[in-house]
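S.K.: My questions will all concern the structure given below.
The values are calculated or read from the model by the stated rules, or taken from the named source; none is laboratory data. If you're wondering where the values come from, they're calculated on a predicted model, not measured in any experiment. Here the Cβ positions follow ideal geometry from the backbone for every residue, glycine too, while neighbour counts run over all protein chains shown. Side chains are part of the model used for accessible areas, which takes the heavy atoms of the whole protein and leaves out ligands, DNA and RNA. Shrake-Rupley method; radii C 1.70, N 1.55, O 1.52, S 1.80 Å.
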Amino acid sequence: MLGLRRAVCEVLGRGVSSDLLSAGRQVVRCQPWIRERVSRPSAGSNLIQVARTYATKTTGVSSQLDDLPATLLKKEYGEVQKVEGVNEVVKRLLSLDMASQSDKLKIKIQQLVDKVKRSPDDRTSKEVKIAALTGRIQNFKEHIQKHPKDKANKRKMLMSIDQRKKMLKELRLTRYDTFEHVCKQLNIEYTFPPEYYRRATKRWQAKKALCLKVYAEVKKQKAEGLIKEWKPRQSRARRIPVKA
């Protein structure tokens, strides 16, 4: 190791890069223990290679951001007029070709908002909020398909779905034409909520099955005449005493 350091120092003193490689090879040849250590693979090399392969594997999940053109400018530079006359390298830096996931998501949300907004300056209506939530929900779905164990983003997705469902319900009750337009433009399939919410436990299922069985048996006995139908008793009119 000391010989290798001396060779490196000598080559760095000369300032020649090619001599550095030759000096390093000579030191490795002179020291046999260095050659054996370099040629012998480490115990965890195979494990590291497998981990790298697992980390870089890609899944065939289609994204909503695939249809965005790479030449499209970012949201911050879309309305700047002087961008068209800049250099190609600068224009590539300001476009979606080298943009991050969040920048592409902003462009996609803006495209969804443009489909349903009431006016060019509309930013706070329910239609705009529903469109923004739809873009985020789709992004969460794609992320969870790639990373199914990410519980935090799954919770955020469910919260966004509930928030959008409340807005759609209110929009359906107040302006049904706008509700149909929003669902058609954003490709949302609205499902009506159930009338009765209850968690189906084993005890509740057994109790319900017993009640249905008793009801069927009583109905059968009534049809055979074994049980008389109950009739409500007519109440008699009370006599009011008349004072003389």
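S.K.: Restricting segment 182-216 to residues that are loosely packed, with under 10 Cβ neighbours inside 10 Å and within 15 Å of residue 168 (Cα to Cα), which is modelled with the lowest pLDDT?
M.R.: 193
S.K.: Which residues, counting only those in segment 141-164, are under 24 Å from residue 126 (Cβ atoms), open to solvent by 60 Å² or more (accessible area, probe 1.4 Å) and touching a residue at least 24 places away in the same chain (Cβ under 8 Å)?
M.R.: Passing the criteria: only 163.
S.K.: May I pose another question? Which members of segment 82-123 meet the condition of being closer than 20 Å to residue 177 by Cβ and polar (S, T, N, Q)?
M.R.: 119 - this is the single residue of segment 82-123 that is closer than 20 Å to residue 177 by Cβ and polar (S, T, N, Q).
S.K.: Here's a follow-up. In this structure, does residue 108 turn out to be surrounded by 15 or more Cβ atoms within 10 Å (Cβ to Cβ) and part of a helix (DSSP H, G or I)?
M.R.: Yes; evaluated as a whole, the condition is true for this residue.
S.K.: Follow-up. Give me a count of the residues in segment 73-105 that are under 27 Å from the mean Cα position of the chain (by Cα), of a type in the set (Lys, Arg) and open to solvent by 90 Å² or more (accessible area, probe 1.4 Å).
M.R.: Looking only at that region, the number is 1.
S.K.: Determine if segment 125-140 includes at least one residue that is basic (Lys, Arg), open to solvent by 90 Å² or more (accessible area, probe 1.4 Å), over 16 Å from residue 188 (Cα atoms) and in contact (Cβ under 8 Å) with a residue 12 or more places away in the chain.
M.R.: no
S.K.: Of 210, 168, which residue is over 30 Å from residue 67 (Cα atoms) and either touching a residue at least 60 places away in the same chain (Cβ under 8 Å) or among the hydrophobic types (A, V, I, L, M, F, W, C) (or both)?
M.R.: The match here is 210.
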